[in-house]
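Inspection log for the structure reproduced underneath, given as structure tokens.
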Amino acid sequence: RKSQMSLDSYFKVI
Amino acid sequence: MFEARLVQSSILKKVLEAIKDLLNEATFDCSDSGIQLQAMDNSHVSLVSMNLRSDGFDKYRCDRNISMGMNLGSMTKILKCAANEDVVTMKAQDNADTVTFVFESPNQEKVSDYEMKLMNLDQEHLGIPETEYACVVRLPAGEFARICRDLSQFGESVVISCTKEGVKFSSAGDIGSANIKLAQTSNVDKEELAVTVEMQEPVTLTFASRYLNSFTKATSLSNVVQLSMSPDVPLVVEYRIGEIGHIRYYLAPKIED
């Protein structure tokens, strides 16, 4: 089973 | 004062078509260098990053940086009022709360202007690190759209596997499974028909087909699409916008629990 990652885990808010 | 004139209003229509599936509203950041837009969809799974360079416009003036929050549904209504061959000009005063779209017919006999209210959008900008991708695939944009459409019938996910031989797209679900393999084009006569792979190491990643399908709304902007992938990082799907800029979509992968 795969789960969808969020972009928040990869890119930082600036 | 901000003013940007584009002889081909169809470019702006296509750009809007390419983003309105993912976003309800977006901020257009205008500066001396051009117009930029960066926004995530509500679920923070995908991000749209668009750049239109000022030198790609037929006339461009931006005295002070302005950020214009636009409702994309309203903008779509307005751009539907432009004929494809119309010349479009976007205008706004400094600190304005409206933007004006002026459409001129090629013979100048019909001139329309539409004023749209701007929105104050809370916007989070994301820092996207410069990344050397393990695989960069270029393929005809129409072919990619077809593959995404065909595979979305099978399952919610599409697995993209890239090796030096080519790229494979797979999906599986209740009715069965599907695999589409594209080999690298051996001799390239026309670049827009070629499939090319630049590979440092093979990559296999899984993505939600719904988002891939949304990205293909940009197909009319470019003959070629570029997919950039590295293990465990978001996919980048890039379409060039003529000689004026690009639209990039970032999509977070699905990973094993």
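Bear in mind these aren't lab numbers, they're just calculated from the coordinates by the rules spelled out. A quick note: this is a predicted structure, and the numbers were derived from the prediction, not measured. Using ideal geometry, Cβ is built from the backbone for each residue, glycine included, and neighbour counts are taken over all protein chains shown.
³J(HN,Hα) across the stretch B:129-140 via Karplus (A = 6.51, B = -1.76, C = 1.60, θ = phi - 60°), whole Hz, x for Gly/Pro?
x, 5, 10, 8, 8, 6, 9, 10, 10, 10, 8, x
Quick one: 3J(HN,Hα) in Hz for the stretch B:65-71, Karplus 6.51/-1.76/1.60 with θ = phi - 60°, rounded, Gly and Pro as x.
4, 10, 10, 10, x, 10, 7
Order these peptides, B:233-240, B:18-25, B:221-228, by their mean beta-carbon neighbour count within 10 angstrom, highest first. Please list the in-between numbers first.
Values: B:233-240: 22.1, B:18-25: 18.4, B:221-228: 20.5.
Output ranking for B:233-240, B:18-25, B:221-228: B:233-240, B:221-228, B:18-25.
Over all residues in B:99-107, what is the mean tally of Cβ atoms on other chains that come within 10 Å of each residue's Cβ?
On the way: counts 0, 0, 0, 0, 0, 0, 0, 0, 0.
Mean inter-chain Cβ contacts per residue within 10 Å come to 0.
If the cut-off is a Cα-Cα distance under 12 Å, which aspartates and glutamates reach residue A:2, setting aside same-chain residues fewer than 8 apart in sequence?
B:156, B:256, B:257
Lone cysteines in chain B, defined as no other cysteine's Cβ under 4.7 Å from theirs: which are they?
Lacking a cysteine Cβ partner under 4.7 Å: B:30, B:62, B:81, B:148.
So what's Rg/Rh here for the stretch B:155-257, counting alpha carbon atoms and using the Kirkwood radius for Rh? Could the numbers behind the result be given before it?
On the way: Rg = 14.2 Å, Rh = 14.8 Å.
Reported Rg/Rh (Cα atoms, Kirkwood Rh): 0.96.
Given springs between every Cα pair under 10 Å in a Gaussian network model of chain B, which of B:189, B:55, B:97 has the largest fluctuation?
Evaluated over chain B, the most mobile residue of the options is B:189.
Identify, among B:131, B:162, B:142, the residue whose Cα sits farthest towards the positive end of the charge dipole of the stretch B:123-165, taking +1 on the Cβ of Lys and Arg and -1 on the Cβ of Asp and Glu, with the dipole about the Cα centre.
Result: B:142, furthest along the dipole toward the positive end.
Could you give the spread of the C-alpha atoms of chain B along their three principal axes, from largest to smallest, in whole angstroms?
54, 42, 36
Classify the protein assembly as shown as rounded, prolate or oblate, taking a ≥ b ≥ c as the square roots of the eigenvalues of its Cα gyration tensor: rounded when a/c is under 1.5, otherwise prolate if a/b is larger than b/c and oblate if not. List each step's numbers first, then the result.
Values: a/c = 2.07, a/b = 1.69, b/c = 1.23.
Cα axes put the protein assembly as shown in the prolate bin.
Quick check on the exposure proxy: order B:79, B:52 from fewest to most C-beta atoms within 10 angstrom. Mind showing how you got there, number by number?
Working: B:79 22, B:52 25.
Ranked by crowding around the Cβ, least crowded first: B:79, B:52.
List every residue whose amide H lies under 5 Å from the amide H of residue B:34, counting only residues 5 or more places away in sequence or on a different chain, with H placed 1.01 Å from N in the peptide plane.
Under 5 Å from the amide H of residue B:34: B:54.
Would you mind pulling out the separation of the Cα centroids of the stretch B:163-177 and the stretch B:7-73, in Å?
The stretch B:163-177 and the stretch B:7-73 have Cα centres separated by 34 Å.
Which peptide among B:174-180, B:155-161 comes first, and what is the full order, when sorted by highest mean count of other Cβ atoms within 10 Å? Don't skip to the answer; put the middle values down first.
Details: B:174-180: 11.6, B:155-161: 19.6.
Per-residue mean Cβ counts within 10 Å order the peptides as B:155-161, B:174-180.
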